[in-house]
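Structure record follows, encoded as structure tokens.
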Amino acid sequence: MKVALELDCRDLPCPMPVIELARHLTEVAVGDLLAVVAHDPAAAVDVPAWCRMKQQEYAGADSADDGAPRYVVRRLG
């Protein structure tokens, strides 16, 4: 997936990856993708839940270049 902004949250504990996602969402245009790269196991649940609560689209998970989990969000508004 081609993302407009990738956040490196590899070393951040829960709930910081979702907090960083919220902080940086407006840095991408509506319709663009934002990715959160995080080793925090809770991010796999937290990012999709945050998307549901904030009416954003959870576009799925894949891996960053180094194999770290990456969670992708499409900004809807």
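Pull up segment 7-24, narrow it to residues that are under 10 Å from Tyr71 (Cβ atoms) and of a type in the set (A, V, I, L, M, F, W, C), then point me to the one that is surrounded by the fewest Cβ atoms within 10 Å (Cβ to Cβ).
This residue is Leu7.
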Original post:
Restricting attention to segment 25-44, which residues are open to solvent by 30 Å² or more (accessible area, probe 1.4 Å) and outside any loop (DSSP other than H, G, I, E, B)?
Top reply: Thr26, Glu27, Ala44
**OP:** All but one of (1) open to solvent by 50 Å² or more (accessible area, probe 1.4 Å); (2) more than 11 Å from the chain's Cα centre (by Cα) hold for Ala64, so report the exception by its number.
**Re:** (1)
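The values are calculated or read from the model by the stated rules, or taken from the named source; none is laboratory data. Values in this document were obtained by computation on a predicted structure and should not be read as measured data. All Cβ positions, even for glycine, are placed from backbone atoms using ideal geometry, and neighbour counts span all protein chains on display. When the accessible area is computed, the model is the full protein with side chains, heavy atoms only, and any ligands, DNA or RNA have been set aside. Shrake-Rupley method; radii C 1.70, N 1.55, O 1.52, S 1.80 Å.
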